[in-house]
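Where a number appears in this text, it was derived from the coordinates with a stated rule and is not lab data. Because the structure is a prediction, the values reported are computed rather than measured. A quick note on method: Cβ atoms are made from the backbone with ideal geometry, for glycine too, and the neighbour counts reach across all protein chains shown.
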Amino acid sequence: MVSEKKKFTLEYELKSSPRILFGFISEPNGLSQWFADDVMFRDHVYTFTWDDEVQKAKLLSIRENRLVKFKWLDDEPHCYFEMEIVQDELTNDVALSITDFATDETIKERTQIWDNQITYLHSVIGA
C-alpha cells in the first residue's frame, strides 16, 4: 500500500527584496535560472524541463511580490506546491517558505531536492 502524500513546509532565509525574489519564483526566465533547466508558460500552465524529464504544472494562484502556487498536472488532487515570500516585520529579513507534498517514504528526498534548488537560488541571487 502506498502511503498518502502529506503536506510539509520548509523555510529558507534569503538576502533579497521580495520584488526581486518574486521574479525568480514566478517568471519562466527567473525559474529557469534555479528551479529547472528550461521553463515555458502558456495558458496558465508552466512546462518545466530537467535534462530529459518534462513536467507540467498549472498556476493555481499568484499574488504580486508574495506567492505562487502550482499544481503538477499528474499529481493527486489534493497536492500542490507553493512558494511564499515571508518578510519579518521587525527585522525585514526575507525568507522563502515552500509548501509541498510527499509520502513518508519520499519526504527526505523531496526535502533534499528543495535544499539543492534553494542553494542554486542563493548563488543566482548572490545572497
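A few comments on the model shown:
- Of the GluC sites (Glu not before Pro) found in region 22-127, those that fall in a DSSP loop while having at most 16 other beta-carbon atoms within 10 Å are GLU64, GLU89, GLU105.
- Lys, Arg +1 and Asp, Glu -1 on Cβ, resulting dipole of the chain about Cα centre, debye, nearest 20: 380
- The count of lysine pairs in region 1-83 that are at least 8 places apart or cross chains, and whose C-alpha atoms lie under 17 Å apart, stands at 9.
- Remark on region 6-125: Rg and Dmax equal 13.8, 44 Å (Cα only).
- Each of SER123, PRO77, GLY23 was scored by the projection of its Cα onto the charge dipole of the chain, and the greatest displacement toward the positive side belongs to GLY23; charges sit on the C-beta of Lys, Arg, Asp and Glu.
- On Cα atoms only, tilt of 107-125 relative to the major axis of the chain in degrees: 30
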